[in-house]
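Okay, structure first, notes after.
The values are calculated or read from the model by the stated rules, or taken from the named source; none is laboratory data. Note that the structure is a prediction, hence the values are computed from the model and not measured. Neighbour counts are summed over all protein chains in view; Cβ atoms, including those assigned to glycine, are modelled from backbone coordinates with ideal geometry.
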Amino acid sequence: MTSGRRARAALYVRVSTREQAQTGYSIEDQQESLRLLAQRRGCVSEVLYCDAGISGEKLEGRPGLTALLLAAEEGRLDEVLVVDESRLARDELVGALIRDKLKRGGVRLVTTSGERDLTDPSDNFVANVLSAAAAFEQDLRTKKTLSGKRRAALANNWPAGPPPFGYRLVEHEGHSGR
């Protein structure tokens, strides 16, 4: 924190899958890391915003993020703390829209690896590059996953996960079914 006044911080946590949300492991890890970060930074208050089991590829359907952005717009926040910027967005355009809203509210973006003053051109550039890298990583992961599923299907194997409800996998002559 750069000013002499103690910051009002929003802690934002998100996981994409229902499984992660139900076990709570990733959410709890993020919360703990962010509470420690807020404590180290001397934040005067912390408000937790959470989107459990919700993709970061869109703005819509994320009540935690919607509430956070409203608080930023209303001037109730000085900082948004996230474990990494991919928690805010997995899509470059979505990330740019979120950062723009934070910038307009004068809110700093703080991750466990550093702070970004989005009103500063250099910090804003770094945030944009990191967002592009996160989107690239997500696109690669998607491409690899789809490629693996396609290869499995072409080899007459079930492509992934359990079969749909009401179906079961059976072995065929010369193929394992899995």
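A compact table of results
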| quantity | calculated |
| --- | --- |
| Unique residue being of a type in the set (Asp, Glu) and at pLDDT below 85 when the list is Asp100, Asp139, Asp117, Asp84 | Asp139 |
| Members of the stretch 52-92 that are in contact with a strand residue (DSSP E or B) (Cβ under 6 Å, 6 or more places away or on another chain) and more than 22 Å from Glu28 (Cα to Cα) | Leu77, Asp78 |
| Helices (runs of 4 or more DSSP H) completely within the stretch 59-177 that count 3 or more residues being touching a Gly at 6+ places or on another chain (Cβ under 8 Å) and small (Gly, Ala, Ser) | 121-154 |
| Subset of the stretch 86-127 [surrounded by fewer than 18 Cβ atoms within 10 Å (Cβ to Cβ) and among the aliphatic types (A, V, I, L, M)] | Leu93, Ala96, Leu97, Val126 |
| Meets criteria (in contact (Cβ under 8 Å) with a residue 24 or more places away in the chain and not hydrophobic (A, V, I, L, M, F, W, C)) for Asp123 | no |
| Residue satisfying condition, being farther than 21 Å from Asp120 by Cα, at pLDDT 90 or above and basic (Lys, Arg), within set Arg18, Arg40 | Arg40 |
| Where Asp51 falls short, out of the listed (1) within 18 Å of the chain's Cα centre (by Cα); (2) of a type outside the set (Phe, Trp, Tyr); (3) farther than 11 Å from Tyr12 by Cα | (3) |
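Residue-wise test of (1) out of contact with any Cys (no Cβ under 9 Å at 6 or more places or on another chain); (2) farther than 27 Å from Glu92 by Cβ; (3) surrounded by fewer than 20 Cβ atoms within 10 Å (Cβ to Cβ); (4) not aliphatic (A, V, I, L, M).
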| site | (1), (2), (3), (4) |
| --- | --- |
| Arg41 | yes, yes, yes, yes |
| Glu46 | yes, yes, yes, yes |
| Asp51 | yes, no, no, yes |
| Lys58 | yes, no, yes, yes |
| Gly61 | yes, no, yes, yes |
| Thr66 | yes, no, yes, yes |
| Leu70 | yes, no, yes, no |
| Glu74 | yes, no, yes, yes |
